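> Right, I'll just put the structure down here and ask away after.
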Amino acid sequence: MSQQIDQLVAEYKNTGSLKGLPSKLYIDGNWSDAHNGQTMDTLDPSSGKVFASFSAAQKKDVDLAVEAASSAFHNVWKLTKASRRGEILSRAADLLEQQADRFCVVEALDSGKPLAEAQGDIASSVSALRYYAGCADKIQGDSFPLGEGNYSFSTLEAVGVTAHIIPWNYPLATTIRGVAPALAAGCTAVVKPAEQTPLTALMLAEVLRSAGLPDGVYNVVNGTGAEAGSALVNHPKVQHVTFTGSVDTGVLVMQAAARNITSVTLELGGKSPIVALADCDIEKTAEGVLWAIFYNAGQICSAGSRLVVSCEIHRQLVDKIVEKAAALKPGHSLDNPNFGAINSKAQLDKIAGFIDRARARGIKVACGGNKMHSAETADGWFFEPTIMDDVPMDDELVQEEIFGPVLSVQVVDSLEQAIEAANCTQFALAAGIYTQNISSAMQLSRAIDAGQITVNDYWAGGIEVPFGGNRRSGIGREKGLQALRSYCATKSITFAF
Ligand code: ADP
């Protein structure tokens with residue numbers, strides 16, 4: 001870790017907080033308190049202690065933010081040359097990269113994830129800004145062959161004000177994943193971070209401002225989902241909502257958007273399978289599955305939370321993963337452990353509830369299964385890396401998203417059974433396949449219902465690759481060139497002569 005990270009970690013350990021954290025709302029280029037002065041606290045999941053507070057917006061504040069975004073859209077941003085928009089995003093990427101150390105310490109502290117994982121998040125955020133910076137002046141329409149006497153073409157126009165509702169597991173990365181393509185396309189943005197992780201979206205405001213982004217183009221209204229989030233997604237001047245979060249809240253968001261005929265991108269839950277066939281490389285597969293479920297302590301919508309394994313290698317593979325899981329040690333996020341905290345006590349209790357009920361049903365716990373504390377501080381919200389073995393297809397451990405470090409193992413004895421097991425839930429977000437047989441990999445890739453499938457490396461991918469789910473996992477795609485389409489409306493223009 002760098003000297004700056006060491007200094008910030010020392011400051012936090014000595015004072016219980018960090019100097020200079022942003023705490024206000026960011027509306028129309030100004031830092032302001034909520035109109036009624038309301039604030040909320042943010043907690044360090046590794047210790048369970050409050051380390052900062054922040055302004056909590058009410059409907060009135062959200063209305064101001066949307067008005068600012070609307071005015072900036074009509075008067076400034078949609079009139080700004082596309083290449084200039086790209087330059088600003090590119091400069092923002094450089095500035096974020098320069099400030100990566102501070103961003104990663106704050107992100108780790110606020111979310112409970114290990115420093116190294118937060119570093120990965122900041123690096124991928126920089127990549128996303130750069131990727132969409134390069135896209136800004138390549139958003140092109142089409143032409144249509146109507147024949148003699150007509151001339152017909154289309155343009156892709158920015159939709160207007162976009163709302164971004166952010167979850168607590170990847171606060172900055174999810175913000176940038178939505179905001180970067182929106183801004184590149186010429187839209188303006190109002191961001192509502194999660195209550196648990198309000199800080200890095202605010203820090204990003206300073207980066208964007210320093211990069212030359214005009215006032216009102218990017219706004220941040222922290223606050224509760226019920227008040228600030230709801231006011232935002234119900235606002236008639238919002239033209240697109242990008243939401244990442246739970247299915248239940250996604251339904252509310254879609255209902256609110258429906259009233260205004262506002263389009264939505266919904267990135268919701270997952271219960272993603274990893275199919276391991278008998279011919280897979282056991283070591284590589286075990287390592288892949290380990291991090292598919294235990295990275296960010298399993299708090300990832302696309303976590304590989306089900307292992308669908310051929311009966312021939314069931315014992316060998318599960319034993320190998322259990323052996324590797326034993327080496328995962330919890331610790332304070334700023335001590336950079338290899339296994340991080342659960343983001344909130346409520347989430348910790350939810351995870352424990354799943355395991356308690358499974359034990360009562362007689363499901364076998366291959367490893368883990370208990371709450372625990374940080375080894376150094378004996379504090380914080382942690383849950384052991386957990387593997388539940390040989391779980392029946394209709395069990396809630398297979399059917400429900402747990403959003404924690406819990407792997408459910410399903411044993412199969414044919415390719416057909418593997419396909420059936422992989423597709424047996426209401427979710428269809430991601431899937432992993434581990435096999436050395438290209439034909440089996442092709443068949444599985446065809447047959448598994450998912451927005452993205454990886455073969456022999458669960459987390460393979462990048463900002464270039466579209467991401468999103470089918471069925472209850474969501475609507476639309478983020479990342480890649482496809483994400484830009486959510487922020488553009490096609491206008492076709494036809495001349496007769
Ligand atoms: P979780 O239950 O894990 O906190 P949610 O899906 O409820 O996940 O939260 C994801 C994001 O949605 C958060 O920013 C939250 O504040 C926001 N949110 C919650 N309820 C609403 C709502 N009714 N309208 C808009 N946003 C909401």
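The values are calculated or read from the model by the stated rules, or taken from the named source; none is laboratory data. Only a predicted model underlies this, so the values are computations on that prediction, with no experimental measurement involved. Don't worry about glycine lacking a Cβ; one is built from the backbone with ideal geometry, like all the others, and counts go over all protein chains shown. Surface areas here come from the heavy atoms of the whole protein model, side chains and all, with no ligands, DNA or RNA. Shrake-Rupley method; radii C 1.70, N 1.55, O 1.52, S 1.80 Å.
> Using 0.36 nm times the number of residues separating T490 and D349, minus their current alpha carbon distance, what extension gain do you get?
Extra length available between T490 and D349 comes to 46.1 nm.
> How long are the semi-axes of the equivalent ellipsoid of the range 85-176, defined as square roots of 5 times the Cα gyration tensor eigenvalues? Whole Å, largest first. Spell out each step's value before the answer.
Details: eigenvalues 297, 41, 19 Å².
Values for the range 85-176, descending: 39, 14, 10 Å.
> A follow-up question, please. For a protection proxy built on the mean count of beta-carbon atoms within 10 angstrom, sort 184-195, 382-393, 480-491, 318-329 highest first, please.
Details: 184-195: 27.1, 382-393: 21.2, 480-491: 18.5, 318-329: 16.7.
Descending packing order for the listed peptides: 184-195, 382-393, 480-491, 318-329.
> Additional query: Obtain the nm distance between the two label points defined at V251 and N36 by a simple spin-label model: each point lies 7 Å from its Cα along the Cα-to-C-beta direction.
Distance between label points: 2.8 nm.
> In nm, to one decimal, how far is the Q3 label point from the A326 one, both placed 7 Å along Cα→Cβ?
Once both label points are built, they end up 4.2 nm from each other.
> Below 8 Å, C-alpha to C-alpha, sequence gap of six or more: please give me the relative contact order for the range 382-483 in percent. All intermediate terms of the calculation are to be shown ahead of the outcome.
Values: 148 pairs, mean separation 21.0, N = 102.
With pairs under 8 Å counted, the relative contact order is 21 percent.
> Using the Karplus curve 6.51 cos²θ - 1.76 cosθ + 1.60 with θ = phi - 60°, what ³J(HN,Hα) values do you get for each residue of the range 274-284, in whole Hz, with x for Gly and Pro?
10, 8, 10, 8, 4, 8, 6, 6, 4, 4, 5
> When N is the residue count of the range 34-108, what does its C-alpha Rg come to as a fraction of 2.2 N^0.38 Å? List each step's numbers first, then the result.
Working: Rg = 17.6 Å, N = 75, 2.2 N^0.38 = 11.3 Å.
Here the Cα radius of gyration is 1.55 times the empirical estimate.
> Could you run the Karplus curve 6.51 cos²θ - 1.76 cosθ + 1.60 with θ = phi - 60° over the range 35-52 and give me ³J(HN,Hα) per residue in whole Hz, x for Gly and Pro?
Once θ is set to phi - 60°, the couplings for the range 35-52 become 4, 9, x, 5, 10, 10, 9, 10, 10, 8, x, 6, 10, x, 9, 5, 10, 6 Hz.
> Using a 10 Å cut-off on Cβ atoms, rank the peptides 283-290, 8-15, 26-33 from the highest mean neighbour count down. Walk me through the intermediate numbers first.
On the way: 283-290: 20.5, 8-15: 14.8, 26-33: 18.0.
Result, highest mean first: 283-290, 26-33, 8-15.
> When the helix-only estimate is applied to the chain (DSSP H runs of n ≥ 4, each -39,500 (n - 2.57), divided by the residue count), what is the mean residue ellipticity at 222 nm, nearest 500 deg cm²/dmol?
Details: 16 runs with 194 residues, N = 497.
When only DSSP H runs of four or more count, the value is -12000 deg cm²/dmol.
> Return one whole number: the accessible area per residue of the range 304-446 in Å², for a 1.4 Å probe. Write out the running numbers ahead of the final one.
Values: 5700 Å² over 143 residues.
With the other protein chains kept in place, the range 304-446 gives 40 Å² per residue.
> Report the calculated FRET efficiency for T15 and N370 (r = Cβ-Cβ distance, R0 = 30 Å), to the nearest 0.05.
Efficiency, from the Cβ-Cβ distance: 0.40.
> To continue, here is another question. List the residues, sorted by chain then number, that are 5 or more residues from N338 or on another chain and whose placed amide H is less than 5 Å from its amide H.
K329
> If the viscosity is 1.567 mPa s and the temperature 4 °C, what translational diffusion coefficient in µm²/s does Stokes-Einstein give for the range 129-286 when Rh comes from Kirkwood over Cα pairs?
Numbers: Rh = 17.8 Å.
Diffusion coefficient, whole number: 73 µm²/s.
> Residues with amide H under 5 Å of G269's amide H, sequence separation 5 or more or different chain, H placed in the peptide plane at 1.01 Å from N; which?
V247
> May I have the extent of the alpha carbons of the range 379-497 along their three principal axes, as whole Å values ordered from largest to smallest?
For the range 379-497, the Cα spread along each principal axis is 71, 47, 26 Å.
> In percent, what relative contact order does the range 224-341 have, based on Cα pairs under 8 Å that are 6 or more apart in sequence?
Values: 145 pairs, mean separation 24.2, N = 118.
Across the range 224-341, relative contact order equals 20 percent.
> Ok, one more. Using Cα atoms only, what is the angle between the long axis of helix 438-447 and the major principal axis of the chain, expressed in degrees (0 to 90) to the nearest 10?
60
> In the chain, carbon and sulfur make up what percent of the accessible area (probe 1.4 Å)?
Roughly 52 percent of what the probe reaches on the chain is carbon or sulfur.
> Any idea what % of Cα-Cα pairs in the chain are farther than 31 Å?
On the way: 55619 of 123256 pairs.
Percentage above 31 Å: 45.
> Report the equivalent ellipsoid semi-axes for the range 1-51 in whole Å, largest first, defined as the square roots of five times the eigenvalues of the gyration tensor built from alpha carbon atoms.
Working: eigenvalues 141, 49, 13 Å².
Whole-Å semi-axes of the equivalent ellipsoid: 27, 16, 8.
> Further, regarding this structure: I need two numbers for the range 126-215: Rg to one decimal and Dmax as a whole number, Cα atoms only, in Å.
Rg, Dmax (Cα atoms, Å): 17.0, 60.
> Output needed: percent of Cα pairs per 10 Å distance bin for the range 222-367, bins running from 0 to the one holding the longest distance.
Computed distribution, short to long bins: 10, 28, 29, 20, 12, 2.
> For the chain, what's the relative contact order in percent, using C-alpha pairs closer than 8 Å and at least 6 residues apart? Don't skip to the end; give the middle numbers.
Numbers: 1160 pairs, mean separation 88.3, N = 497.
Rounded, it is 18 percent for the chain.
> How far is it, in nm, from the label point at R84 to the one at F497 when both lie 7 Å from their Cα along the line to the Cβ?
For the pair R84/F497, the computed spacing is 3.0 nm.
> Turning to a different aspect of this structure: With unit charges on the beta carbons (Lys and Arg positive, Asp and Glu negative) and the dipole taken about the Cα centre of the chain, which residue among T249, M372, T425 sits farthest to the positive side?
Comparing the listed Cα positions along the dipole, T249 ranks first.
> In addition: Just going by the charge dipole of the range 314-366, with Lys and Arg at +1 and Asp and Glu at -1 on Cβ, which of I363, V322, A346 is farthest out on the positive end?
Positive-end residue among those listed: I363.
> Quick one: grab the alpha carbon gyration tensor of the range 284-365, order the square roots of its eigenvalues as a ≥ b ≥ c, and give me rounded if a/c is under 1.5, else prolate or oblate depending on whether a/b is larger than b/c. Working shown, then result.
Values: a/c = 1.97, a/b = 1.22, b/c = 1.61.
Verdict is oblate for the range 284-365.
> Which three semi-axes in whole Å describe the equivalent ellipsoid of the range 1-150, each the square root of 5 times a Cα gyration tensor eigenvalue, listed largest first? Before the final figure, lay out each step's value.
Numbers: eigenvalues 287, 109, 32 Å².
With the √(5λ) rule applied to the range 1-150, the semi-axes are 38, 23, 13 Å.
> Express in nm, to one decimal, how much length is gained between W459 and I282 on full extension, taking 0.36 nm for each residue of separation and deducting their alpha carbon distance. Display every interim value, and only then the final one.
On the way: separation 177, 0.36 × 177 = 63.72 nm, distance 1.71 nm.
Value of the extension gain: 62.0 nm.
> Whole-Hz Karplus ³J(HN,Hα) for the range 456-465, in order, using 6.51 cos²θ - 1.76 cosθ + 1.60 and θ = phi - 60°, x for Gly and Pro?
6, 6, 4, 9, 4, x, x, 4, 6, 9
> Let me ask another. Would you mind checking which residues have amide H under 5 Å from A56's amide H? H placed 1.01 Å from N; only 5 or more apart, or other chain.
A34, Q38, T39, M40
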